[in-house]
1. Rolling a 1.4 angstrom probe over the protein heavy atoms, how many square angstrom per residue are accessible across the range 36-126?
2. Sum up the charges of everything whose Cβ sits under 15 Å from the Cβ of residue 89, counting Lys and Arg as +1 and Asp and Glu as -1, but leave residue 89 out.
3. Considering Cα pairs under 8 angstrom that are at least six residues apart, work out the relative contact order of the range 36-126 and quote it in whole percent.
4. Need one number: convex hull volume per residue for the range 36-126, Cα atoms only, in Å³.
5. Using a probe of 1.4 angstrom, how much of the accessible area of the range 36-126 is carbon and sulfur, in percent?
6. Which loop-located trypsin sites (Lys or Arg not before Pro) does the range 54-114 contain, where loop means any DSSP state but H, G, I, E or B and the Cβ has at most 13 other Cβ atoms within 10 Å?
7. Take the Cα of residue 138, step 7 Å along the line toward its Cβ, and report every residue of the range 85-122 whose backbone nitrogen sits under 18 Å from that point.
8. Say R0 is 25 Å: what FRET efficiency, to the nearest 0.05, do residue 124 and residue 147 get from their beta-carbon distance?
Amino acid sequence: VGAAAQPAGEAEVAQGAAAVAEGPPPPETPEAKGPKLFVVKGSKRFAVPWAPGDSVDVFRSRVEEVTGIPAAKQQLISESKEAMGSGTATVEAFVASGDVRTLWVEDLRTPEERGEEVSFLDNFKEWWKLDAVSGVSVLLVAYEFVK
């Protein structure tokens, strides 16, 4: 039984040698070799490259490329619950300030901006969020109007 398994192992070695003989893998882009931050959107995780000296706005545009969320509608939050700002501040400074490796992205677009249909129930949920004082005020006005 051991002798029968050995030729299969030799075949795998031969395949590996053939793959090496084909040549090296294609060269990586400069961005692929540089540092990366992981961006989590829902259950998906993306490796987003950045280079020393990149501004936060440049990084946000790269996040937009991989997630589809416009840079102006992103909220990026680190492990320490620190929000990444925007502008010309460097990503390097933000990463160094809290030893950041992973960012969670929140989509700040409305359902209409995301292209989702808004149902009556969704609208009702928004109305339901009115605080108790507003609800009491509406009832008081209605009572006064009927009276």
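1. Normalised by residue count, the accessible surface of the range 36-126 is 61 Å².
2. After counting each charged neighbour, the total is -3.
3. Normalised by residue count, the contact order of the range 36-126 is 31 percent.
4. Spread over its residues, the Cα hull of the range 36-126 gives 105 Å³ apiece.
5. Its accessible area is 53 percent carbon and sulfur atoms.
6. Those satisfying the criteria are 81, 101, 114.
7. 119-122
8. FRET efficiency, residue 124 to residue 147: 0.35.
The values are calculated or read from the model by the stated rules, or taken from the named source; none is laboratory data. It should be emphasised that the depicted structure is a prediction, and the values quoted were computed from it without experimental measurement. We place every Cβ from the backbone using ideal geometry, glycine too, and count neighbours over all the protein chains shown. We work out accessible area using only protein heavy atoms, side chains counted, and drop any ligands, DNA or RNA first. Shrake-Rupley method; radii C 1.70, N 1.55, O 1.52, S 1.80 Å.
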